[in-house]
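Engineer: Sharing a structure here in structure tokens format.
The values are calculated or read from the model by the stated rules, or taken from the named source; none is laboratory data. Just so you know, these numbers come straight off a predicted model, no measurement behind them. Please note: Cβ atoms are built from the backbone with ideal geometry, for glycine as well, and neighbour counts cover all protein chains shown. Ligands, DNA and RNA are excluded from the accessible area calculation, which covers all protein heavy atoms including side chains. Shrake-Rupley method; radii C 1.70, N 1.55, O 1.52, S 1.80 Å.
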Amino acid sequence: MSWNFDNNKPIYIQIADKIEMMILSGEYKSGESLPSVRDFAVQASVNPNTMQRAMQELEARGLICVQRAVGRTVTEDSSVIEKSLNQKVKSITLNYLNEIKALNLEKEEVIKFLEENWQN
């Protein structure tokens, strides 16, 4: 797993965003246990305190839960995951559309390009 960070955003937010994408893409399933803070920190090559902050951010977003004796798990509330997925898709789509509109392309050109380049 590649953990690349940039200087324009706090690392703990970048980590939380990456783990959120792992949850939304199904890499981590609803109810699944997550690696420990220490294990995640080693994977990402960050301080455990930074990873702890990322976990707190994910808890605040409602995507993970802390259970005594079990650790952190992905929420089992599918509506939270669906809402987060919809927000992520909307954000990505709006950013994309703003960039495309700056190129002065017609909607039909963009749709054609997407259809030609869509890969399953």
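Engineer: Scan ILE15, ILE11 and give me the residue that is at pLDDT 95 or above, hydrophobic (A, V, I, L, M, F, W, C) and in contact with a Phe, Trp or Tyr (Cβ under 7 Å, 6 or more places away or on another chain). Before the answer, list the steps.
Structural biologist: Numbers: ILE15 fails: in contact with a Phe, Trp or Tyr (Cβ under 7 Å, 6 or more places away or on another chain).
Exactly one residue qualifies, and that residue is ILE11.
Engineer: Among the numbered criteria (1) in contact with a Ser or Thr (Cβ under 7 Å, 6 or more places away or on another chain); (2) open to solvent by 70 Å² or more (accessible area, probe 1.4 Å); (3) of a type outside the set (A, V, I, L, M); (4) free of Cβ contacts under 8 Å to residues at least 40 places away in the same chain, which one does GLU76 miss?
Structural biologist: (4)
Engineer: Further, regarding this structure: Here is a list of conditions, (1) touching a strand residue (DSSP E or B) at 6+ places or on another chain (Cβ under 6 Å); (2) of a type in the set (A, V, I, L, M); (3) open to solvent by 80 Å² or more (accessible area, probe 1.4 Å); (4) modelled with pLDDT of 95 or more, and ALA60 meets all of them except one; can you say which number that is?
Structural biologist: Going through the list (1) touching a strand residue (DSSP E or B) at 6+ places or on another chain (Cβ under 6 Å); (2) of a type in the set (A, V, I, L, M); (3) open to solvent by 80 Å² or more (accessible area, probe 1.4 Å); (4) modelled with pLDDT of 95 or more, ALA60 breaks only (1).
Engineer: Inspect segment 48-57 for any residue being at pLDDT 95 or above and either within 12 Å of the chain's Cα centre (by Cα) or closer than 30 Å to PHE113 by Cα (or both) and give the result as yes or no. Give the derivation first.
Structural biologist: Narrowing segment 48-57 to residues at pLDDT 95 or above: 48-57.
Next, from what is left, pick out any that are either within 12 Å of the chain's Cα centre (by Cα) or closer than 30 Å to PHE113 by Cα (or both): 54, 57.
Within segment 48-57 (the criterion being at pLDDT 95 or above and either within 12 Å of the chain's Cα centre (by Cα) or closer than 30 Å to PHE113 by Cα (or both)), the answer is yes, since at least one residue qualifies.
Engineer: Here's something else I'd like to know. So if I check each of ILE92, ILE15, ILE19, which one is of a type in the set (A, V, I, L, M, F, W, C), in contact with a Leu (Cβ under 8 Å, 6 or more places away or on another chain) and outside any strand (DSSP E or B)?
Structural biologist: Values: ILE92 fails: in contact with a Leu (Cβ under 8 Å, 6 or more places away or on another chain); ILE15 fails: in contact with a Leu (Cβ under 8 Å, 6 or more places away or on another chain).
Testing whether each residue is of a type in the set (A, V, I, L, M, F, W, C), in contact with a Leu (Cβ under 8 Å, 6 or more places away or on another chain) and outside any strand (DSSP E or B) leaves just ILE19.
Engineer: Could you check VAL110 against (1) exposed (fewer than 14 other Cβ atoms within 10 Å of the Cβ); (2) without any contact (Cβ under 8 Å) to a residue 40 or more places away in the chain and say which number it fails?
Structural biologist: All conditions pass for VAL110, except number (1).
Engineer: Give the residue, chosen from LEU24, LEU34, that is among the hydrophobic types (A, V, I, L, M, F, W, C), touching a Gly at 6+ places or on another chain (Cβ under 8 Å) and either in contact (Cβ under 8 Å) with a residue 40 or more places away in the chain or buried (at least 17 other Cβ atoms within 10 Å of the Cβ) (or both). First the steps, then the outcome.
Structural biologist: Values: LEU24 fails: touching a Gly at 6+ places or on another chain (Cβ under 8 Å).
Among LEU24, LEU34, only LEU34 is among the hydrophobic types (A, V, I, L, M, F, W, C), touching a Gly at 6+ places or on another chain (Cβ under 8 Å) and either in contact (Cβ under 8 Å) with a residue 40 or more places away in the chain or buried (at least 17 other Cβ atoms within 10 Å of the Cβ) (or both).
Engineer: Condition first: open to solvent by less than 100 Å² (accessible area, probe 1.4 Å) and either outside any helix (DSSP H, G or I) or closer than 17 Å to MET21 by Cα (or both). Now tell me which residues in segment 96-107 satisfy that.
Structural biologist: Selection gives LEU105 alone.
Engineer: Considering only segment 54-63, I want to know if a residue exists there that is more than 19 Å from SER25 (Cβ to Cβ), assigned to a helix (DSSP H, G or I), touching a Phe, Trp or Tyr at 6+ places or on another chain (Cβ under 9 Å) and not hydrophobic (A, V, I, L, M, F, W, C).
Structural biologist: So the first thing to find is which residues in segment 54-63 are more than 19 Å from SER25 (Cβ to Cβ), and the list is 56, 59-60.
Now drop any that are not assigned to a helix (DSSP H, G or I), which leaves 56, 59-60.
Those still in the list that are touching a Phe, Trp or Tyr at 6+ places or on another chain (Cβ under 9 Å) too: 56.
Adding the requirement that they be not hydrophobic (A, V, I, L, M, F, W, C) leaves 56.
Taking every residue of segment 54-63 in turn, at least one turns out to be more than 19 Å from SER25 (Cβ to Cβ), assigned to a helix (DSSP H, G or I), touching a Phe, Trp or Tyr at 6+ places or on another chain (Cβ under 9 Å) and not hydrophobic (A, V, I, L, M, F, W, C).
Engineer: Please find, within segment 79-95, the residue that is least open to solvent (accessible area, probe 1.4 Å) out of those that are under 15 Å from the mean Cα position of the chain (by Cα) and of a type in the set (Gly, Ala, Ser).
Structural biologist: The extreme case among them is SER84.
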